[in-house]
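The values are calculated or read from the model by the stated rules, or taken from the named source; none is laboratory data. Because the structure is predicted, anything quoted here is derived from the model rather than measured. All Cβ positions, even for glycine, are placed from backbone atoms using ideal geometry, and neighbour counts span all protein chains on display. Side chains included, ligands, DNA and RNA excluded: accessible areas come from the protein's heavy atoms. Shrake-Rupley method; radii C 1.70, N 1.55, O 1.52, S 1.80 Å.
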Amino acid sequence: MLSNTVVTEGLPSMGLDLQSSFIEALGGLGLGPGMARLLWLPLPMLLVLVSAVVGVLVNVWLERKISAAAQQRIGPEYAGALGLLQPMADGLKLLFKEDIIPARADSLLFTLGPVLVLVPVILSWLVVPFGQNLLISNVGVGIFLWIALSSIQPIGLLMSGYASNNKYSLLGGLRAAAQSISYEIPLALAVLAIVMMSNSLSTVDIVNQQTGSGILSWNIWRQPVGFVIFWICALAECERLPFDLPEAEEELVAGYQTEYAGMKFALFYLGSYINLVLSALLVSVLYLGGWGFPVPVEWLAGLLGQSVDAPLVQLITGAVGIVMTILKAYLLVFFAILLRWTVPRVRIDQLLDLGWKFLLPIALVNLLITAALKLAFPSAFGG
Amino acid sequence: MTVASTTQLVCFVILSSTLVLGSLAVVLLPNIVYSAFLLAGVFLSVAGLYLLLNASFVAAAQVLVYVGAVNVLILFAIMLVNKKENLDPIPGMAVRRLLSAAVCAGLLVLLIRVAITTPWALPGPIPVGEDATIRIGEHLFSDYLLPFELASVLLLMSMIGAIVLARRDVFSSDIITGEPADQILIEKERSPMLLEPNDPAPLRSSP
């Protein structure tokens with residue numbers, strides 16, 4: 001990755017550039033730019049990793065509380081205020097549990113499976129932008145990298161399903177692979193329509209194309225069908241409840257997770273929740289204007305008589321950007337959780353019918369219409 | 001040497017050794033499931049080599065197509081039909097293995113000779129970097145249009161072939177032999193099976 005990461009050349013008037021400030025500050029201490037860049041590299045990665053894990057903790061708490069509310073219970077109450085420490089307790093419990101490998105299982109593949117599920121999900125955070133320069137790396141292939149990485153996951157699921165030496169696990173793994181393959185295609189087609197409109201695969205460019213007139217310029221108004229397709233497919237890729245057939249507990253015990261315990265189970269758990277937050281973040285990047293505020297920040301700054309380039313304004317815009325990204329993402333996570341606790345599960349034939357016979361043609365038609373509109377109205381649909 | 005070039009060298013050594021060892025293991029391992037998983041590793045390290053060559057789009061496409069689609073389908077097929085059965089020993093196995101090893105070794109020697117004797121233009125052209133996606137698109141729709149379309153026709157043909165093979169029940173006679181097809185469409189009835197009222201419910205009858 002080293003050779004082809006691009007140093008973000010943000011427009012000078014657009015937000016903070018922490019990296020160049022950091023390199024300049026270290027240059028003041030007598031370090032060369034190469035060395036300073038090397039010291040800088042792990043910092044955003046660590047920050048994103050920590051925020052992903054914290055995001056999972058928040059997610060688990062939300063899931064417990066919202067499910068309780070949907071079922072008219074109270075939910076976790078005693079661990080910390082409002083049960084805020086409950087996810088920590090869950091995590092610690094999993095950490096201290098015995099790590100069991102079944103006697104007739106294939107221990108190597110059994111161990112490697114959960115790792116292969118988690119690593120691509122965490123790698124995909126590479127392209128999630130929280131601001132103009134607030135992302136790990138503005139790689140040119142951006143959103144395509146996420147699609148490619150998320151296609152590795154089924155191999156991990158198949159691996160753990162096979163290695164468990166258990167019929168339920170194998171069935172769960174096969175279902176997971178079938179589901180993931182069939183929903184990847186409409187997902188990619190929905191993304192392709194967005195890419196066509198913004199003329200770039202980079203997530204930063206996709207968000208920049210949605211700025212200008214605040215909430216009105218968000219892609220959701222131009223791609224309502226694409227938004228619905230993407231959201232359904234993202235839920236299916238995350239194996240959230242209307243589509244959680246791979247681990248359907250009434251039919252398959254827990255699918256590919258059946259034989260797992262302790263930290264290896266926790267890896268699956270982490271992976272699925274990180275994936276949910278990641279999908280929500282990408283929906284907000286692709287369709288809801290990413291870090292954009294519903295009212296254009298430039299207009300607000302002009303109203304207050306401030307220049308957009310002033311350091312304080314830049315700081316506030318950056319902070320607003322991060323808050324907006326997270327707010328939008330968690331709004332979508334809230335919807336996902338609400339869906340999980342109110343909607344019944346689909347059958348496997350319904351799932352495949354929906355993917356292949358409904359979403360795929362609709363996504364193709366959506367792509368064609370987007371192309372036609374782009375040719376007809378280049379000003380509104382990206383020239 | 002700078003930090004960047006050292007990292008590049010280390011990455012190259014790791015990637016190429018996993019590539020070579022992994023592909024040897026794919027061919028030589030007796031367990032087909034291990035071979036299939038290792039094939040995914042081989043494809044991933046090829047993608048890593050593309051990344052080192054500054055071709056990030058090709059690398060991502062490699063992961064998406066080969067790891068995400070081809071390899072998953074191979075695994076899927078293996079796991080759906082993974083029966084433990086003892087195949088009959090093939091006569092003259094040692095001779096067959098020796099012959100195929102000799103052919104492979106000859107091919108390797110030939111390729112190495114080509115690699116050594118070809119006057120490679122060094123250093124190669126400057127990497128296009130992030131514009132590569134646009135350049136690939138331009139080439140696909142101008143001078144490489146015919147191969148591109150031919151590839152899609154090929155895919156269409158294989159798709160139709162697969163459908164024909166899978167749905168032989170819809171034809172009254174076999175396509176290849178012309179004999180009447182004896183396969184019938186196996187599909188469960190949509191309505192649930194009802195037990196006859198005077199039937200003594202064999203499932204529930206217990207002493």
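Take chain A, mark every one of the trypsin sites (Lys or Arg not before Pro) that falls in a DSSP loop and has at most 13 other Cβ within 10 Å, then report the longest stretch left between them, sites excluded.
In chain A, the maximal stretch lacking such sites is A:105-346.
Order of A:313-324, B:156-167 by packing, highest average Cβ count within 10 Å first?
With the highest mean Cβ count within 10 Å placed first, the list reads A:313-324, B:156-167.
Contact order normalised by length for the range A:114-186, with contacts defined as Cα pairs under 8 Å and 6 or more residues apart; what percent is it?
Numbers: 72 pairs, mean separation 22.0, N = 73.
So the answer I get is 30 percent.
Tell me the relative contact order for the range A:237-281 as a rounded percent, counting alpha carbon contacts under 8 Å between residues six or more apart.
Relative contact order here is 32 percent.
Other chains near B:56-63: what is the mean number of their Cβ atoms within 10 Å of each residue's Cβ?
For this peptide, the per-residue mean of nearby foreign Cβ atoms is 6.
I want to make sure I understand the PRE zone here: with the label point 7 angstrom from the Cα of B:Ser5 toward its beta carbon, which residues in the range A:21-57 have backbone N atoms less than 15 Å away?
Residues passing the 15 Å test: none.
Can you give me the % of accessible surface on the protein assembly as shown that is carbon or sulfur? Probe 1.4 Å, all protein chains present, nothing else counted.
73
Ordered by residue, what ³J(HN,Hα) values in Hz, to whole numbers, does the range A:269-277 give under the Karplus form 6.51 cos²θ - 1.76 cosθ + 1.60, where θ = phi - 60° and Gly and Pro are x?
Whole-Hz 3J(HN,Hα) from phi for the range A:269-277: 4, 4, x, 5, 6, 4, 5, 5, 4.
When chain A is modelled as a GNM with alpha-carbon springs shorter than 10 Å, which of A:Leu84, A:Leu267, A:Leu31 fluctuates the most?
Comparing A:Leu84, A:Leu267, A:Leu31 in the GNM, the peak value goes to A:Leu31.
With a Cα-only, solvent-free Debye model of the range B:20-146, what are the log10 I(q)/I(0) values at q = 0.19, 0.20, 0.23 Å⁻¹?
The Debye formula, applied to the Cα set alone, gives -1.24, -1.26, -1.30.
Kindly provide the helix-only [θ] at 222 nm of chain A, computed as the sum of -39,500 (n - 2.57) over DSSP H runs of four or more divided by all residues, to the nearest 500 deg cm²/dmol?
The helix-only estimate for chain A comes to -20500 deg cm²/dmol at 222 nm.
Taking 0.36 nm per residue of separation and subtracting the Cα-Cα distance, what length does fully extending A:Leu62 through A:Leu18 add?
12.7 nm
Please average, across the residues of A:201-208, the number of beta carbons from any other chain that are within 10 Å of each residue's own beta carbon, and give a whole number.
Partner Cβ neighbours, averaged per residue: 1.
Mind pulling the angle between the C-alpha long axis of helix A:167-198 and the longest principal axis of chain A? Nearest 10 degrees, somewhere in 0 to 90.
20
Work the Kirkwood hydrodynamic radius out for chain A: mean of 1/r over every pair of different alpha-carbon atoms, inverted, in Å. Present the calculation step by step, with values, prior to reporting the outcome.
Values: mean 1/r = 0.0449 Å⁻¹.
Evaluated over chain A, this radius sits at 22.3 Å.
Nearest 0.05, what FRET efficiency do A:Val323 and B:Ile90 give at R0 = 56 Å with Cβ-Cβ as r?
0.25
What are the ³J(HN,Hα) couplings of the range B:59-70, residue after residue, when phi is run through the Karplus curve with 6.51, -1.76, 1.60 and θ = phi - 60°? Round to Hz, x for glycine and proline.
Running phi through 6.51 cos²θ - 1.76 cosθ + 1.60 with θ = phi - 60° gives 4, 5, 5, 4, 5, 5, 7, 7, 6, x, 10, 4 Hz.
Would you please put A:188-197, B:23-32 in order of how densely packed they are, using the mean number of other Cβ atoms within 10 angstrom per residue and starting with the highest?
With the highest mean Cβ count within 10 Å placed first, the list reads A:188-197, B:23-32.
Using the Karplus curve 6.51 cos²θ - 1.76 cosθ + 1.60 with θ = phi - 60°, work out ³J(HN,Hα) for each residue of the range A:34-39 in order, rounded to whole Hz, and write x for Gly and Pro.
Values per residue, Gly and Pro as x: x, 5, 5, 5, 5, 5 Hz.
In whole percent, what relative contact order does chain A give with Cα contacts below 8 Å and a gap of six or more residues?
22
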